[in-house]
1. Taking the range 75-93 on its own, how many of its residues are touching a strand residue (DSSP E or B) at 6+ places or on another chain (Cβ under 7 Å) and either surrounded by 14 or more Cβ atoms within 10 Å (Cβ to Cβ) or free of Cβ contacts under 8 Å to residues at least 12 places away in the same chain (or both)?
2. Going by what's in this entry, would ARG115 be described as in contact with a strand residue (DSSP E or B) (Cβ under 6 Å, 6 or more places away or on another chain) and free of Cβ contacts under 8 Å to residues at least 40 places away in the same chain?
3. Give ARG43, ARG35 a once-over and let me know the one that is of a type outside the set (Gly, Ala, Ser) and out of contact with any strand residue (DSSP E or B) (no Cβ under 8 Å at 6 or more places or on another chain).
4. Within the range 41-52, is there a residue that is under 22 Å from GLY112 (Cα atoms), among the acidic types (Asp, Glu), at pLDDT 95 or above and surrounded by fewer than 19 Cβ atoms within 10 Å (Cβ to Cβ)?
Amino acid sequence: MKIVLDTSSILFAYENKIDPFELLKESGYKPIISRGILDELKRIADSKSKKSGYAKIALKEINEKDIEIEESNEYPDLWILKKGIKACTNDKELKNKLKKRGIPVISIAIGGKLR
């Protein structure tokens, strides 16, 4: 089953020494991201943000693991909402929007658990 990931879940996972792509694959999901999410990660990686190192790791892993990237330059949250399939996010606002639309949503918890 395909699942879309957003930037918040990817960065949270790496910040907590969790590989989000492997975690989802081991749970039976096929993770996908959009070009917009990839661009967001690149911007963070090139910044002086404390999360830049995690974004760099994510970009490397996305490339090495051959993660599916859907061509879309839409704002990532909008793309996720329009996609309408199960999503993995740690963004509370996006989570609420997904739930209101009846779109299944999970998040990554400390310890490498999905909830």
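The values are calculated or read from the model by the stated rules, or taken from the named source; none is laboratory data. Treat the numbers as computed from the prediction; the structure is a model and nothing was measured. Using ideal geometry, Cβ is built from the backbone for each residue, glycine included, and neighbour counts are taken over all protein chains shown.
1. Within the range 75-93, the first condition is being touching a strand residue (DSSP E or B) at 6+ places or on another chain (Cβ under 7 Å), and the residues that meet it are 76, 79-80, 83, 85-90.
Within this subset, residues satisfying the condition of being either surrounded by 14 or more Cβ atoms within 10 Å (Cβ to Cβ) or free of Cβ contacts under 8 Å to residues at least 12 places away in the same chain (or both) are 76, 79-80, 83, 86-90.
Selection size over the range 75-93: 9.
2. Values: in contact with a strand residue (DSSP E or B) (Cβ under 6 Å, 6 or more places away or on another chain): yes; free of Cβ contacts under 8 Å to residues at least 40 places away in the same chain: yes.
Spelling it out, ARG115 is indeed in contact with a strand residue (DSSP E or B) (Cβ under 6 Å, 6 or more places away or on another chain) and free of Cβ contacts under 8 Å to residues at least 40 places away in the same chain.
3. ARG43
4. There is no residue in the range 41-52 that is under 22 Å from GLY112 (Cα atoms), among the acidic types (Asp, Glu), at pLDDT 95 or above and surrounded by fewer than 19 Cβ atoms within 10 Å (Cβ to Cβ).
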